[in-house]
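Just below is one structure, and these are the notes that go with it.
The values are calculated or read from the model by the stated rules, or taken from the named source; none is laboratory data. From a predicted model like this one, the values you see are computed outputs, not experimental measurements. Don't worry about glycine lacking a Cβ; one is built from the backbone with ideal geometry, like all the others, and counts go over all protein chains shown.
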Amino acid sequence: MNLNKSKVSWKSPSNIALIKYWGKYNNQIPMNPSISFTLDKCSTITSVKFEKSNEFSYNFFFENKSKPEFIPKLDVFFSRINEHLPSLSKLKLTINSSNSFPHSSGIASSASAFSSLALCLTEIESMFSDLIDNENFFEKASFISRLGSGSASRSVYGPLSCWGETELYEQSSDEYAIPIKISNHEFPVFCDTILIVDSGPKKVSSTIGHKLMDDHIFKKERISQSHLNFSKLKKSIDSNDLDSFIEVVENEALTLHALMMTSNPNFILFKPNTINIINLVVKFREETGTKVCFTLDAGANVHLLYPKNSFEKVQEFIKKSLAQFCHDGEYINDQIGLGPQKN
């Protein structure tokens with residue numbers, strides 16, 4: 001390979017947390033463990049052109065356009081990773097990123113964006129260093145992803161990924177995510193339909209929201225609850241208990257937004273149509289027995305999770321009852337995926 005000038009590219013998916021990560025310590029260490037489904041279609045493709053230079057520099061483009069508003073967060077990211085990827089100190093980077101879904105709207109755009117960038121940078125480092133090989137490549141990429149966005153550490157693996165130390169998984173770590181194998185073959189493949197209630201940027205960023213957990217009145221209780229819910233969720237997956245799975249997933253979603261509403265200062269990311277959708281989903285499940293549930297990230301959009309064999313029934317329900325509450329009737333049909341792909 002000609003290392004004077006070259007290019008790498010990775011496609012990495014977003015993910016939807018089942019057990020939510022909310023609140024962190026210094027250096028992107030989570031207050032509690034989290035677990036997520038890796039998505040398939042909702043993804044970011046990042047390409048990085050690199051050439052040798054006397055010092056590190058980079059230019060960033062989002063969908064081929066300069067985006068100076070992204071630079072402060074990228075500056076912080078590169079300051080965190082330079083000691084872990086020493087080859088960057090002598091490279092000039094040109095980064096181009098594009099999303100398959102609306103940016104900053106509660107579909108974990110930072111997760112797919114930073115994981116795809118981290119995979120590119122880890123691959124570049126592997127070209128200059130023999131400390132990164134096939135066995136530790138994704139662990140290293142997850143570690144680097146975390147330093148950009150905590151949830152990004154989970155996007156490096158699929159279909160299920162855990163980040164944060166928990167006694168439930170011996171290899172779990174606060175510094176990187178690990179893949180979780182679904183041992184119960186009866187547990188269904190899940191679809192995720194994202195109902196776009198609001199396609200615009202959030203009024204309060206996740207970074208600010210995490211910071212408000214430092215002195216939150218329910219901080220200790222939340223940490224304890226997350227570990228308990230994690231255990232319940234693992235049991236529900238292992239035993240294919242979808243009713244328990246639904247109960248935990250919805251409880252976590254509502255808890256996340258309850259923490260926002262009770263922080264100081266408080267904030268609300270729900271929109272009126274978010275609540276309309278939630279109420280209709282619960283009613284539909286009660287009336288039809290369909291194993292469908294809702295969850296949310298830190299935004300107004302609603303993720304509908306349901307087994308693949310219920311796809312047609314749920315799609316009919318969405319078109320008939322839920323699409324009217326979506327911005328311009330927009331929703332995205334996705335499903336659980338297997339993780340990133342090298343382009």
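The figures follow:
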| read-out | value |
| --- | --- |
| Region 228-243, residues that are in contact with a Pro (Cβ under 9 Å, 6 or more places away or on another chain) and assigned to a helix (DSSP H, G or I) | Phe230, Leu242 |
| Subset of region 105-163 (residues that are at pLDDT 95 or above, closer than 20 Å to Lys49 by Cβ and assigned to a loop (DSSP other than H, G, I, E, B)) | Gly148 |
| Tally, over region 248-262, of residues that are over 20 Å from the mean Cα position of the chain (by Cα), in a helix (DSSP H, G or I) and in contact (Cβ under 8 Å) with a residue 12 or more places away in the chain | 0 |
| Condition met for Phe137 (surrounded by fewer than 21 Cβ atoms within 10 Å (Cβ to Cβ), more than 26 Å from Asn26 (Cβ to Cβ) and touching a helix residue (DSSP H, G or I) at 6+ places or on another chain (Cβ under 6 Å)) | no |
| Residues (more than 16 Å from the chain's Cα centre (by Cα) and touching a residue at least 24 places away in the same chain (Cβ under 8 Å)) located in region 11-44 | Asn27, Met31 |
| Single condition Pro159 does not satisfy, out of (1) on the phi > 0 side of the Ramachandran plot; (2) of a type outside the set (A, V, I, L, M); (3) crowded, with 20+ Cβ neighbours inside 10 Å | (1) |
| Inter-residue pairs, beta-carbon under 9 Å, first in the same structural domain as Asn96 (by TED's automatic domain parsing) and at pLDDT 95 or above and in region 45-61, second assigned to a loop (DSSP other than H, G, I, E, B) and surrounded by 15 or more Cβ atoms within 10 Å (Cβ to Cβ), 6+ apart | Ile45/Ser100 |
| Of residues in region 164-174 being at pLDDT 95 or above and among the acidic types (Asp, Glu), the one surrounded by the fewest Cβ atoms within 10 Å (Cβ to Cβ) | Glu167 |
| Search result, residues across region 74-101 that are basic (Lys, Arg) and in contact (Cβ under 8 Å) with a residue 60 or more places away in the chain | Arg80 |
| Considering residues of region 1-19 that are touching a Lys or Arg at 6+ places or on another chain (Cβ under 9 Å) and assigned to a loop (DSSP other than H, G, I, E, B) only, the residue modelled with the highest pLDDT | Leu3 |
| Number of positions in region 166-182 that are under 22 Å from Thr207 (Cβ atoms), in a loop (DSSP other than H, G, I, E, B) and in contact with a Ser or Thr (Cβ under 6 Å, 6 or more places away or on another chain) | 1 |
